[in-house]
Amino acid sequence: MRHAKIVMTNGWSDDNKGDAAIVHGLIELIRKRDPGAEITLLSSFSHRDPSFSRHYRLTSQRYPGIRVLGALLPASSWGGRIGRRLRRVAFLVRGLWLLLVAPHRAKLGLGWSLSSEERETLGALQEADLIIAKGGHLYFSDGSLLGLLGLFINLYPLLIGQRLGRTCLIYGQSIGPVKGRVHGWLLARALKRCAKVVVREQASFELVRHLLPTTMRRHVEVSWDTAFAIQPEPIPAEIERMLPDRFVAVTLRQWHFPYAKDDRVAKVTYQKYLKSMAEMINYCQRVERLRAVIVPQVVGPTKMEDDYRAWDELAQHCESDLVEIRADLTPGQLASIYQRAEALVGTRFHSVILAATVHTPAIAISYHGHKADGIMQMLGMKDFVADIGCLEADRLVGMLQKLLANRDRLRAQLSARQSEILAELNGHFDGLWFAFFGNDGAHRDVRPGNPILAH
């Protein structure tokens with residue numbers, strides 16, 4: 001039997017354990033259908049980036065057969081300020097040119113203009129049976145020119161794949177908000193040329209259906225984030241020794257409120273968030289006699305994504321020492337830590353998802369888009385979502401009190417829901433896989449813009 005050739009796009013970094021969980025969960029779903037599938041992870045970084053190999057250290061170790069390739073149009077650059085800007089301009093100009101000529105590159109003899117690694121990336125896209133834009137929250141824009149550029153860069157692997165006539169699938173995305181007519185047109189153009197668009201909550205579903213013609217709305221579906229397929233893994237002995245008998249797990253993040261009126265408002269709001277989280281932690285340790293364990297859900301790869309910085313700022317507002325786990329853990333190991341906790345208060349939303357997989361109730365601090373509200377509603381936990389922009393310590397403590405008082409009921413609820421989620425996720429992916437490959441694994445040529453039948 002011929003094995004499927006799958007390209008997964010928009011790989012970010014194993015420093016972001018949520019992104020790693022999405023990738024690992026999707027690999028598990030693919031491998032269940034075709035254990036010998038040839039899977040390529042297309043990075044959002046250039047192969048020339050000095051940190052390229054580090055970004056996928058955990059994924060490469062867990063799945064040694066996975067091929068990781070660099071981006072044709074990177075989402076990030078490196079070096080000094082002037083060097084970064086020059087590289088971004090050069091990559092953008094070359095990216096636009098390549099998008100125009102990609103289908104004709106062989107006839108035009110354009111191989112000389114690409115490095116051997118970039119030719120390998122383009123070849124993988126050309127040969128793919130299926131290009132999957134893996135889950136996350138990538139397709140949004142604030143209406144600005146920079147927002148349009150970011151949307152274009154994130155859509156670029158799909159746009160190239162579509163230009164090459166490949167079958168494309170968006171799976172497990174949160175989409176929107178999207179402001180601006182040109183921004184909406186660009187997104188709609190990419191969506192129309194996908195064989196299927198699978199989002200992970202209702203708000204994204206409604207937005208995508210609004211962007212598409214009525215005749216194409218049947219190819220939009222809702223399913224679960226692929227991180228729900230993650231299983232807990234053993235944690236290192238030194239981490240075991242750090243964990244208190246009873247504790248609340250906490251994940252933080254830096255957030256500079258990009259839609260705030262000005263920088264002063266953003267800074268004040270961010271400090272209010274940290275102080276509210278600190279007061280909640282103080283309450284846990286003083287009244288509930290629960291230690292707070294700060295968990296490294298995201299530690300890079302950019303400075304803005306380094307949650308350790310938020311830890312250091314938070315510690316200034318806490319009455320007693322925190323248990324801080326500073327270790328490079330896999331998504332499955334993080335799930336094992338959350339499994340030991342009485343509860344989780346998570347700003348990083350994939351910490352909430354990983355906690356749900358092991359039946360630990362959580363409060364989600366929503367900071368961008370509608371993923372937290374939407375998925376928590378799907379979990380039956382809509383009463384445990386707080387907005388980072390108007391976070392109040394009293395309300396956060398009240399939510400935690402309610403959660404702890406109902407902990408056993410919520411655990412049982414999440415246990416039953418996780419069983420249903422896995423069945424629904426696997427059943428949905430089975431239907432898609434059959435539509436693309438049939439029972440015999442033979443690839444069906446589902447053309448861009450020609451949706452597969454609903455299943």
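The values are calculated or read from the model by the stated rules, or taken from the named source; none is laboratory data. Computed from a predicted structure; not experimentally measured. Positions of Cβ are backbone-derived with ideal geometry, glycine not excepted, and every protein chain shown enters the neighbour counts. Keep in mind that these areas ignore ligands, DNA and RNA; they rest on the heavy atoms of the full protein, side chains included. Shrake-Rupley method; radii C 1.70, N 1.55, O 1.52, S 1.80 Å.
Number of residues in the range 234-255 that are under 15 Å from L314 (Cα atoms), of a type outside the set (A, V, I, L, M) and in a loop (DSSP other than H, G, I, E, B) equals 3. The conditions of being of a type in the set (V, I, T) and crowded, with 19+ Cβ neighbours inside 10 Å are not met by V265. For the range 195-229, the set of residues classified as of a type in the set (A, V, I, L, M) and not in a helix (DSSP H, G or I) consists of A195, V197, V198, V199, L212, V220, V222, listed by residue number.
Taking residues in the range 231-260 that are among the polar types (S, T, N, Q), and partners anywhere that are assigned to a loop (DSSP other than H, G, I, E, B), the pairs with Cβ atoms closer than 6 Å and at least 6 places apart or on different chains are T251/V295; T251/Q297; T251/T347; T251/R348. When R241 is tested against (1) at pLDDT 95 or above; (2) within 25 Å of S13 (Cβ to Cβ), just one condition goes unmet, and that condition is (2). Scoring E319 on the criteria (1) within 24 Å of K275 (Cβ to Cβ); (2) in contact with a strand residue (DSSP E or B) (Cβ under 9 Å, 6 or more places away or on another chain); (3) not in a helix (DSSP H, G or I) leaves a single failure, condition (2).
Within the range 172-191, the residues that satisfy the criterion of being outside any helix (DSSP H, G or I), open to solvent by less than 40 Å² (accessible area, probe 1.4 Å) and of a type outside the set (S, T, N, Q) are G172, I175, G176, V178. Every listed requirement among (1) in contact (Cβ under 8 Å) with a residue 40 or more places away in the chain; (2) open to solvent by less than 30 Å² (accessible area, probe 1.4 Å) is met by H370 save one, (2). Please find, within the range 53-85, the residue that is most open to solvent (accessible area, probe 1.4 Å) out of those that are within 24 Å of G332 (Cβ to Cβ) and in a loop (DSSP other than H, G, I, E, B). The extreme case among them is P64.
Annotation for the range 408-429: at least one member residue is in contact with a Lys or Arg (Cβ under 8 Å, 6 or more places away or on another chain), open to solvent by less than 40 Å² (accessible area, probe 1.4 Å) and modelled with pLDDT of 95 or more. Output the residues belonging to the range 322-358 that are touching a Ser or Thr at 6+ places or on another chain (Cβ under 8 Å), among the hydrophobic types (A, V, I, L, M, F, W, C), farther than 23 Å from K275 by Cβ and surrounded by 24 or more Cβ atoms within 10 Å (Cβ to Cβ). Listed by number, the residues that qualify are L334, A335. Suppose the filter is touching a residue at least 24 places away in the same chain (Cβ under 8 Å) and more than 19 Å from the chain's Cα centre (by Cα); does T347 pass it? Answer is no for this residue.
When the range 383-411 is filtered for residues that are aliphatic (A, V, I, L, M), in contact with a helix residue (DSSP H, G or I) (Cβ under 9 Å, 6 or more places away or on another chain) and free of Cβ contacts under 8 Å to residues at least 24 places away in the same chain, the ones remaining, listed by number, are V385, A386. Taking first residues from the range 53-66 that are of a type in the set (D, E, K, R) and partners that are surrounded by 13 or more Cβ atoms within 10 Å (Cβ to Cβ) and in a helix (DSSP H, G or I), the Cβ contacts under 8 Å between residues at least 6 apart in sequence or on separate chains come to R62/H24.
Can you pull out the residues in the range 25-62 that are of a type outside the set (A, V, I, L, M) and closer than 21 Å to F436 by Cβ? Please lay out each step first, then the result.
At the first step, the residues of the range 25-62 found to be of a type outside the set (A, V, I, L, M) are 25, 28, 31-36, 38, 40, 43-57, 59-62.
Answer for the range 25-62, where residues must be of a type outside the set (A, V, I, L, M) and closer than 21 Å to F436 by Cβ: G25, E28, R31, K32, R33, D34, P35, G36, E38, T40.
You will find that of L404, L396, the residue that is under 26 Å from D245 (Cα atoms), part of a helix (DSSP H, G or I) and open to solvent by 10 Å² or more (accessible area, probe 1.4 Å) is L404 and no other.
Mind checking whether some residue in the range 192-214 is open to solvent by less than 80 Å² (accessible area, probe 1.4 Å), of a type in the set (A, V, I, L, M), within 22 Å of I365 (Cβ to Cβ) and free of Cβ contacts under 8 Å to residues at least 24 places away in the same chain? For the range 192-214, residues open to solvent by less than 80 Å² (accessible area, probe 1.4 Å), of a type in the set (A, V, I, L, M), within 22 Å of I365 (Cβ to Cβ) and free of Cβ contacts under 8 Å to residues at least 24 places away in the same chain: absent.
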